[in-house]
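Visitor: Structure incoming, see below.
Bear in mind these aren't lab numbers, they're just calculated from the coordinates by the rules spelled out. Source: prediction; values computed, not measured. Using ideal geometry, Cβ is built from the backbone for each residue, glycine included, and neighbour counts are taken over all protein chains shown.
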Amino acid sequence: MINFHDLHTLKSFQALKTLPIPSVADNFTAIHVEEQNIDAGGGLTYNYSAKGVNEELLEALQALADEQQVIDKYELLLSGEMMNTGEKRKVLHHLTRAQQANDVIHEGTNLRQFYHHEQKRIAEFAQRIHTGEITGSTDKKITTVVQVGIGGSDLGPRALYLALQNLYLNKLEAKFISNVDPDDATAIIESCDLERTLFILVSKSGTTQETLANQNFVLQAAKKQNILHYDVMKHMVCVTSQTSPLAKDDRYLASFFIDDFIGGRYSSTSAVGGVILSLAFGAEVFEELLIGAAEADSQAREQSITENAALLDALLGVYERNIKNYAATAILPYSQALSRFPAHLQQLDMESNGKSVNRDGQAISYATGPVLFGEPGTNGQHSFYQLLHQGSDVIPLQFIGFTHSQCGVDYDYEASSSQKKLNANLIAQIAAFALGHTNNENMNKNFEGGRPASLIYAQQLTARALGALLAHYENKVMFQGFIWNLNSFDQEGVQLGKVLANDILHGNASSTVNQLFQIIQ
Ligand SMILES: O=P(O)(O)OC[C@H]1O[C@H](O)[C@H](O)[C@@H](O)[C@@H]1O
């Protein structure tokens with residue numbers, strides 16, 4: 001029997017509130033750092049030595065995970081139970097990367113096989129583009145691919161492409177159009193040789209205004225170029241759900257499908273990320289990413305919180321949010337390749353857990369998802385770290401780092417290489433945040449310390465490690481949703497603005513709203 005309870009009703013949560021709060025500096029100085037390592041799958045390790053924890057707290061967090069039946073809920077989700085209560089849907093993104101998992105049958109269709117089948121079709125299609133069997137409409141080989149989509153149909157795939165483009169041979173260069181700002185589409189289209197470009201129109205719903213406007217933008221801009229024998233629809237493939245209006249459009253060169261059980265922000269391992277990544281790097285690189293994600297998913301099934309990185313990360317996040325009242329958290333990858341990863345996690349986390357009602361739609365009285373932001377190190381250090389070190393709010397920090405760079409090119413300067421400097425900075429920051437530095441004479445130079453940080457690290461940012469990193473965060477967000485008793489899989493909060501924008505465009509807005517619109521006309 002699985003129960004769904006609001007956080008404040010749990011005995012284990014009440015017990016957690018009465019515990020003395022352990023010091024970050026005490027944990028950091030008392031332990032052997034490696035004792036607080038957890039295997040996170042895909043060659044990743046999660047280290048929590050710069051978090052304020054002790055044995056007593058870990059026991060209390062374990063009790064919370066057990067009482068809230070977090071792992072049982074994950075198993076329920078994997079089995080195909082309807083966990084998206086708002087939209088009455090299953091939640092099946094794990095199935096896109098778990099070919100050994102149980103079958104989930106929906107209305108006679110084996111969905112595991114369906115996702116696998118689409119993946120195979122994508123691999124075949126990518127191969128035919130790479131070999132030149134499929135060319136553009138003027139018989140030229142395709143060299144560039146442009147994804148047109150927004151939100152989950154852009155952020156994850158874009159972050160993953162940027163993360164891997166240094167390491168793997170780019171079979172095709174990839175670009176992205178997302179914003180409805182005409183300057184976005186114009187700049188990308190003008191940078192492409194249209195005869196050698198393939199567009200991927202990605203919209204799960206097939207109804208997103210920005211994406212349909214951008215598709216039209218591409219069609220119009222291509223027409224304007226007046227290229228002899230050029231047919232833009234022979235340069236366009238579609239990724240959508242089978243029930244969307246786009247699914248019925250047979251003008252596309254090819255169509256690949258997902259379904260309503262894959263949420264946009266969880267869709268990077270489905271056809272939404274699969275088409276562009278397989279075209280850019282080859283299907284085998286995308287497969288490596290899926291393997292890494294599947295490894296992290298299976299680590300996340302461990303009941304013990306000291307063997308389950310995503311679960312401990314989630315619990316520490318809840319502790320920092322609900323007991324220590326920290327309202328934000330920063331994602332700090334010490335890897336330029338992860339430059340757009342914080343932007344992807346912003347959608348993943350804030351769209352999933354930015355909620356004020358529980359999974360049954362009843363108001364809740366406790367804090368939920370934090371504000372997320374981040375930039376790659378060391379750029380962030382020369383920007384917003386001042387506030388992180390000495391600001392009036394404590395912001396828990398999530399560091400990500402790698403032993404080796406991706407390109408392998410490096411030079412010594414003042415007796416150390418750039419990679420070594422990068423990682424020395426990473427570790428220096430963790431220590432500075434944890435330990436602080438006392439200066440009683442000049443209080444502007446005083447660092448209080450006690451600012452908690454975690455570190456996820458691996459040898460190198462490979463496709464496998466990246467897949468595990470992606471899945472780690474997906475699972476962390478899912479676990480936090482379970483602990484807060486939220487539905488982390490719908491996003492009604494984005495609807496109101498869409499409706500109002502349509503009202504404005506159709507002249508149906510109120511007088512004040514219209515006056516405001518006129519200011520910018
Ligand atoms: O893929 P689409 O259906 O076009 O949706 C694109 C995006 O738009 C919506 O407004 C949601 O906020 C996102 O969760 C979604 O990823």
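Visitor: What does the C-alpha gyration tensor say about the overall shape of the stretch 12-99? Classify as rounded when a/c is under 1.5, otherwise prolate if a/b is larger than b/c, or oblate. Let's see the in-between values first.
Guide: Details: a/c = 3.51, a/b = 1.62, b/c = 2.17.
Oblate, because a/c is 1.5 or more while a/b does not exceed b/c.
Visitor: Another one. If you look for lysine pairs in the stretch 93-288 that are eight or more places apart or on different chains, how many of them have Cα atoms under 15 Å apart?
Guide: Step by step, the pairs that qualify in the stretch 93-288 add up to 5.
Visitor: For the stretch 296-399, calculate the relative contact order in percent as a whole number, restricting contacts to Cα pairs under 8 Å that are 6 or more residues apart.
Guide: Values: 117 pairs, mean separation 36.1, N = 104.
Here the relative contact order equals 35 percent.
Visitor: Now for a different question. Taking every pair of Cα atoms in the chain, average 1/r, invert it to obtain the Kirkwood radius, and report Rg/Rh to two decimals. Before the final figure, lay out each step's value.
Guide: On the way: Rg = 23.9 Å, Rh = 24.4 Å.
Ratio value, two decimals: 0.98.
Visitor: Related question: For the stretch 93-288, what does the relative contact order come out to in percent, with C-alpha contacts under 8 Å and a separation of six or more? Write out the running numbers ahead of the final one.
Guide: Values: 343 pairs, mean separation 56.4, N = 196.
The value is 29 percent.
Visitor: Something else about it: Indicate the gyration tensor shape class of the stretch 264-356 (rounded, prolate or oblate), computed on the Cα atoms with a ≥ b ≥ c the square roots of the eigenvalues: a/c under 1.5 is rounded; otherwise a/b larger than b/c is prolate and the rest oblate. Don't jump to the answer; show the numbers that get you there.
Guide: Details: a/c = 2.14, a/b = 1.55, b/c = 1.38.
Prolate shape, in that a/c is at least 1.5 and a/b is the bigger ratio.
Visitor: Next up: Counting other beta carbons within 10 Å of each residue's own, what order do Glu107, Glu474, Glu492 fall into, fewest first?
Guide: Fewest to most other Cβ atoms nearby, the residues stand as Glu107, Glu492, Glu474.
Visitor: Report, in whole Å, the centroid distance computed from the Cα atoms of the stretch 175-203 and the stretch 286-352.
Guide: 31 Å
Visitor: Quick one: which residues, 5 or more positions from Ile258 or on another chain, have an amide H under 5 Å from its amide H? H modelled 1.01 Å from N in the peptide plane, none for Pro or chain starts.
Guide: Thr240, Ser241, Gln242
Visitor: Something else about it: What angle, in degrees between 0 and 90 and rounded to the nearest 10, separates the Cα long axis of helix 309-322 from the longest principal axis of the Cα atoms of the chain?
Guide: It is inclined by approximately 70 degrees.
Visitor: For the chain, what is the percent of antiparallel DSSP beta bridges, rounded to the nearest 5?
Guide: Just about 30 percent of them are antiparallel.
Visitor: Still on this model: What does DSSP give for the stretch 93-288 in terms of the percent of beta bridges that are antiparallel, rounded to the nearest 5?
Guide: DSSP beta bridges in the stretch 93-288 are roughly 10 percent antiparallel.
Visitor: Ranked highest first by average number of other Cβ atoms within 10 Å, how do 144-155, 199-210, 441-452 line up?
Guide: On the way: 144-155: 25.0, 199-210: 22.3, 441-452: 13.9.
Taking the mean over residues of other Cβ atoms within 10 Å, the ranking is 144-155, 199-210, 441-452.
Visitor: At 222 nm, what value in deg cm²/dmol follows for the chain if DSSP H runs of at least 4 each add -39500 (n - 2.57) and the sum is divided by all its residues, to the nearest 500? Write out the running numbers ahead of the final one.
Guide: Working: 17 runs with 215 residues, N = 521.
After summing the helix terms and dividing by the residues of the chain, the value is -13000 deg cm²/dmol.
Visitor: Measure nothing fancy, just the Cα-based angle from helix 463-484's long axis to the longest principal axis of the chain, in degrees from 0 to 90, nearest 10.
Guide: It works out to around 60 degrees.
Visitor: For the stretch 284-297, what does the Karplus curve 6.51 cos²θ - 1.76 cosθ + 1.60, with θ = phi - 60°, yield as ³J(HN,Hα) per residue in whole Hz, taken in order and with x for Gly and Pro?
Guide: 3J(HN,Hα) across the stretch 284-297, in whole Hz: 5, 6, 4, 4, 4, 4, 5, 4, x, 5, 5, 4, 5, 4.
Visitor: Using θ = phi - 60° and the Karplus relation 6.51 cos²θ - 1.76 cosθ + 1.60, list the HN-Hα couplings for the stretch 109-115 in order, rounded to whole Hz, with x at every Gly or Pro.
Guide: For the stretch 109-115, the Karplus curve yields 9, 7, 6, 4, 5, 4, 5 Hz.
Visitor: Okay, next question. Students often forget the sequence filter, so: which lysines lie under 30 Å Cα-Cα from Lys51 once same-chain residues fewer than 8 apart are removed?
Guide: Lys11, Lys17, Lys73, Lys324, Lys355, Lys420, Lys421, Lys445, Lys476
Visitor: Something else about it: Using only Cα atoms, tell me the angle between helix 155-164 and the longest principal axis of the chain; keep it within 0 to 90° and round to the nearest 10.
Guide: 80 degrees
Visitor: Report the relative contact order of the chain, percent, no decimals, based on alpha-carbon pairs under 8 angstrom and at least 6 residues apart. Can you show the working numbers first?
Guide: Working: 954 pairs, mean separation 108.5, N = 521.
Once normalised by length, the contact order is 21 percent.
Visitor: So how far, in whole Å, is the C-alpha centre of the stretch 76-128 from the one of the stretch 219-273?
Guide: 20 Å
Visitor: With the cut-off at 1.5 for a/c, could you classify the stretch 93-288 from its C-alpha gyration tensor as rounded, prolate or oblate? Can you show the working numbers first?
Guide: Working: a/c = 1.66, a/b = 1.43, b/c = 1.15.
Note, shape of the stretch 93-288 comes out prolate.
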